[in-house]
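Enquirer: Structure provided below as C-alpha cells; questions to follow.
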Amino acid sequence: MPIYKAPVNDTLFILNDVLSLERYNNLPGFADATGDMVEAIAGEAAKLAEEVLFPVNLSGDQEGCKRADDATVTTPKGFRQAYDLYRQGGWIGLAVPEEFGGQGLPYVLHTAVGEYMSSANMALTMYPGLTQGAIAAILVHGSDEQKAAYLPKMVEGTWTGTMNLTEPHCGTDLGLLRTKAVPQPDGSYRISGQKIFISAGEHDMSENIVHLVLARIEGAPEGTKGISLFIVPKFILKDDGTPGERNGVTCGAIEHKMGIHGNATCVMNYDEATGFLIGTENKGLNAMFVMMNEARLGVGLQGLSIAEIAYQNAAQYARERLQGRSLSGAKNPDGKADPLIVHPDIRRTLMTIKAWTEGGRAFTLWTALKSDIAHRSADEKERQAADDILGLMTPILKGVLTDKGFDHAVMAQQVFGGHGYIEEHGMSQYVRDARIAMIYEGANGIQALDLVGRKLGMNGGRAVMALFKEIGDFCEENRSDEKLAPFTKGLKKGLNDLQASTMWFMQNAMARPDNAGAGSTDYMHLFGLVVIGYMWAKIAKAAEAGLAGGAGEREDFLKNKLVTAKFFMERLMPETALRKTRIEAGADTVMELAAEAF
Ligand SMILES: Cc1cc2nc3c(=O)[nH]c(=O)nc-3n(C[C@H](O)[C@H](O)[C@H](O)COP(=O)(O)OP(=O)(O)OC[C@H]3O[C@@H](n4cnc5c(N)ncnc54)[C@H](O)[C@@H]3O)c2cc1C
C-alpha cells in the first residue's frame with residue numbers, strides 16, 4: 001500500500017532559512033505568521049493530509065464519481081466526510097481577508113500546505129481548489145453585494161465554486177465561445193449553452209455550487225472582445241441569502257477519464273439559467289484571468305505534489321526491495337541480494353526527482369511570496385516589481401512543474417519495475433493523475449507561448465531584465481565564497497544560456513514568429529532550469545550558513561541539501577546548453593514538411 005508523509009521540515013526550512021519569512025512581517029497578515037504559528041499550521045495540515053485525505057485517495061481512484069439518472073453526482077465513499085473536515089479546519093479561507101470569513105494569513109502559507117493536500121489526494125483537493133479560484137475572482141471583480149452574498153459561504157466551504165470556460169468546439173481559443181447571455185429587465189441574464197470538462201461541476205459535498213461562466217451577451221462583438229463573466233448559482237439565492245429555487249443548470253454527463261477519478265468532470269448544460277454579470281460587460285476574460293492565474297499556480301503545485309508522493313513511495317521501495325548486488329561489493333551480505341537503493345541508476349532516478357522536487361518547492365514558495373508582496377505591500381514600487389516576477393513565473397511554474405510532475409511520476413513508477421504497473425501499489429494512479437496537470441489551465445504548449453509571446457516583452461522586458469539582474473547579482477556577490485563556487489558557477493553558466501537564447505529570440509523571432517513558436521517549449525524549460533538552479537544556489541547558501549552557525553540536530557539535513565544542490569548543478573543544469581542549441585536551430589526544419597507528410 002502507498003505511503004505519504006508531508007515534508008514539513010523541508011517546508012519550514014524553505015520558509016525560514018531560504019526565504020526568511022520573518023523579514024516580511026510588515027505585510028498585512030504576516031505578523032500573525034510567527035515561526036511557532038507557521039510550524040503549528042504546517043503540522044495540522046500534515047495531519048489532515050496524512051490521516052484524512054490520503055486514506056481515501058486510492059479507494060477514490062478505484063471507485064470514481066457516479067452520475068444518477070436524475071443528474072445528481074455522487075463522489076467516492078469517504079470524500080464527503082474528508083471534505084467536511086477540510087472545510088471545518090478553515091483551510092479554504094487561510095489566505096482570504098478576515099472580513100469575508102478567512103484568516104488573512106499569507107498566501108505563501110496557503111501554498112505550502114496546499115502541497116500536502118494535493119499530494120495526499122489531488123482529486124479531492126480540487127473541489128476546494130476551484131472554490132479558492134472562484135473566491136479570488138469574486139474578490140477582485142465582484143460587486144460589494146456579490147462579495148457579501150457568496151464569499152462567506154464559499155470561504156466556509158458549504159458552497160463550492162467552478163470555472164466554466166471550455167465548450168466542445170472551443171478550448172484554447174476562447175474567442176470561439178458560443179454560450180449566450182440574454183439581458184433581463186431585472187438586470188440578470190439568461191444563460192444558455194453547453195460547457196464541457198467542468199471540474200467539480202456537480203457533486204454531493206456542498207449545499208450550493210457557484211459556477212463562474214464565460215458567455216457572450218447578445219449582440220456583443222465576436223472573438224475574445226465580446227466575452228463576459230457570470231455567476232450562475234446551482235440554487236438561486238432567496239432574499240434572505242439562502243439557496244432557493246433550482247437554477248437551469250444541470251450535469252448532462254460525467255467524463256470517463258484517465259485519472260483524477262474522484263473529481264467529477266462534468267458536461268454542464270445551461271438552459272436559460274439565471275446568471276449575474278461579474279465586473280464589466282465584455283471584460284469577462286480579464287476577470288476570469290484572476291481565477292486562471294491563481295489556478296495556474298495551483299496546477300503547478302499539483303505537478304510538484306504528485307512528484308513528491310511518487311518519490312516517497314519509490315524511495316521506500318528502493319530501500320526494501322532486494323534485487324541484484326551492488327557493483328562495488330555486497331552491501332547486504334547476509335541477504336540473498338542487496339536493496340535496489342545500492343544501484344547507481346536507481347539513485348540517479350531518485351536524485352533527479354528529489355532535486356527537482358525540493359528545488360521546485362522553493363520555486364513555488366518564492367513565487368507565492370511574490371504574490372503576497374504584489375497584493376499586500378504598501379510600497380507601490382515593491383508591489384510592481386513583485387507583480388512583474390509573478391506574471392513572468394506563472395507560465396514557467398505551471399508548465400515546467402507539471403511536465404516534470406508527470407515525468408517524475410513515470411520515473412518513480414519505473415523504480416517499482418512491473419509492480420509499478422499494478423494498481424495496488426498506487427504508482428499507476430500517480431502517473432494517471434499527474435497527466436491532466438499538463439493539459440488543463442492552458443496546455444503546456446500554450447504556457448510556453450504565453451511566456452515567449454507575451455510575458456517576455458511586457459513593459460519593454462522589465463520583468464525579465466530585473467530577474468536576470470537579480471540572479472547575476474547573486475552570482476557576483478557570492479563569487480569569492482569558495483564553498484558556494486560550485487553552485488554559482490553552474491548557475492552563471494545556465495544564466496548565460498538563458499540570456500543568449502532571449503537575445504536570439506529578439507533578433508530572430510520578430511521578423512519570423514515561427515522561430516519563437518518552435519523554440520518556446522525549450523525556452524520555458526531552460527528558464528525553469530535557471531530559476532530552480534537559482535533556488536538551489538539560495539538553498540546551498542542557507543545550508544552553509546546553518547552549518548557554520550552550529551547546526552546541531554539539523555546537521556545531516558543541511559549536508560543532504562548541499563549534496564542535492566551539487567547533483568542539480570552537475571546533472572540537471574547542463575541541460576540549459578541543449579535547450580539553447582535547440583532554440584537556435586529555429587523553425588526552418590520544423591515547418592518544412594507539408595501537412596500531408598505527417
Ligand atoms: C479532466 C479535465 C478537467 C478540466 N477542467 C476544466 C474546468 O474546470 N473548466 C474548464 O473550463 N475547462 C476544463 N478543462 C478543459 C481544459 O482546460 C482544456 O481541455 C484545455 O484548455 C485545452 O483545450 P482543448 O482540450 O480544447 O484543446 P485544444 O485547444 O484543441 O488544443 C489541442 C492542442 O493544441 C495546442 N494548441 C492549441 N492552440 C494552439 C496554438 N495557437 N498554438 C500552439 N499550440 C496550440 C494545445 O496546446 C493542445 O496541446 C478540463 C479538461 C480536462 C480533461
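The values are calculated or read from the model by the stated rules, or taken from the named source; none is laboratory data. Since the structure is predicted, the reported quantities are computational estimates derived from the model, not experimental observations. All Cβ positions, even for glycine, are placed from backbone atoms using ideal geometry, and neighbour counts span all protein chains on display. Just so you know, the surface numbers come from the protein's heavy atoms only, side chains and all, with ligands and any DNA or RNA stripped out. Shrake-Rupley method; radii C 1.70, N 1.55, O 1.52, S 1.80 Å.
Enquirer: Which of the strands (runs of 3 or more DSSP E) contained wholly in the range 163-282 include at least 3 residues that are within 16 Å of the ligand (Cβ to nearest atom)?
Expert: Qualifying strands (runs of 3 or more DSSP E): 189-199, 208-217, 228-233, 249-254, 265-278.
Enquirer: For the range 220-253, name all the residues that are among the charged types (D, E, K, R) and more than 32 Å from the chain's Cα centre (by Cα).
Expert: Within the range 220-253, Lys238, Asp239, Asp240, Glu245, Arg246 qualify.
Enquirer: Only one of Lys225, Lys234, Lys283 is over 21 Å from Glu441 (Cα atoms) and either touching a residue at least 40 places away in the same chain (Cβ under 8 Å) or not aliphatic (A, V, I, L, M) (or both); which?
Expert: Lys234
Enquirer: State all residues of the range 324-371 that are aliphatic (A, V, I, L, M) and either within 22 Å of Met535 (Cβ to Cβ) or not in a helix (DSSP H, G or I) (or both); if no residue qualifies, say none.
Expert: Once the filter is applied, which keeps residues that are aliphatic (A, V, I, L, M) and either within 22 Å of Met535 (Cβ to Cβ) or not in a helix (DSSP H, G or I) (or both), the range 324-371 yields Leu327, Ala330, Ala337, Leu350, Met351, Ile353, Ala355, Ala362, Leu365, Ala368, Leu369.
Enquirer: Shifting gears a bit: For Ile135, all conditions in the list (1) buried (at least 17 other Cβ atoms within 10 Å of the Cβ); (2) within 29 Å of His256 (Cβ to Cβ); (3) of a type in the set (Val, Ile, Thr) hold save one; what is the number of the exception?
Expert: Exception for Ile135: condition (2).
Enquirer: Quick check on my filter: what residues within the range 372-388 are assigned to a helix (DSSP H, G or I) and open to solvent by 10 Å² or more (accessible area, probe 1.4 Å)?
Expert: Passing the criteria: Ile373, Ala374, His375, Arg376, Glu380, Lys381, Glu382, Arg383, Gln384, Ala385, Asp387, Asp388.
Enquirer: Then there's this: Just to be sure, is Asp403 free of Cβ contacts under 8 Å to residues at least 24 places away in the same chain, open to solvent by 20 Å² or more (accessible area, probe 1.4 Å) and either in a helix (DSSP H, G or I) or within 21 Å of Asp10 (Cα to Cα) (or both)?
Expert: For Asp403, the condition - free of Cβ contacts under 8 Å to residues at least 24 places away in the same chain, open to solvent by 20 Å² or more (accessible area, probe 1.4 Å) and either in a helix (DSSP H, G or I) or within 21 Å of Asp10 (Cα to Cα) (or both) - is not met.
Enquirer: Oh, and also: Quick check on Gly490: is it assigned to a helix (DSSP H, G or I), of a type outside the set (Lys, Arg) and farther than 30 Å from Ala548 by Cα?
Expert: no
Conditions tested, residue by residue: (1) in a helix (DSSP H, G or I); (2) among the hydroxyl-bearing types (Ser, Thr, Tyr); (3) surrounded by 14 or more Cβ atoms within 10 Å (Cβ to Cβ).
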residue: Pro486; (1), (2), (3): yes, no, yes
residue: Ser501; (1), (2), (3): yes, yes, yes
residue: Met510; (1), (2), (3): no, no, no
residue: Thr521; (1), (2), (3): yes, yes, yes
residue: Leu529; (1), (2), (3): yes, no, yes
residue: Gly533; (1), (2), (3): yes, no, yes
residue: Ala537; (1), (2), (3): yes, no, yes
residue: Glu553; (1), (2), (3): yes, no, no
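Enquirer: Sticking with this structure for a sec: Select from the range 259-285 the residues that are modelled with pLDDT under 95, surrounded by 20 or more Cβ atoms within 10 Å (Cβ to Cβ) and out of contact with any helix residue (DSSP H, G or I) (no Cβ under 8 Å at 6 or more places or on another chain) and list them in ascending order.
Expert: Result: Gly284, single match.
Enquirer: Here is a further query. Report whether or not Gly244 is surrounded by fewer than 21 Cβ atoms within 10 Å (Cβ to Cβ), in contact (Cβ under 8 Å) with a residue 12 or more places away in the chain and over 23 Å from Gly129 (Cβ atoms).
Expert: Spelling it out, it is not the case that Gly244 is surrounded by fewer than 21 Cβ atoms within 10 Å (Cβ to Cβ), in contact (Cβ under 8 Å) with a residue 12 or more places away in the chain and over 23 Å from Gly129 (Cβ atoms).
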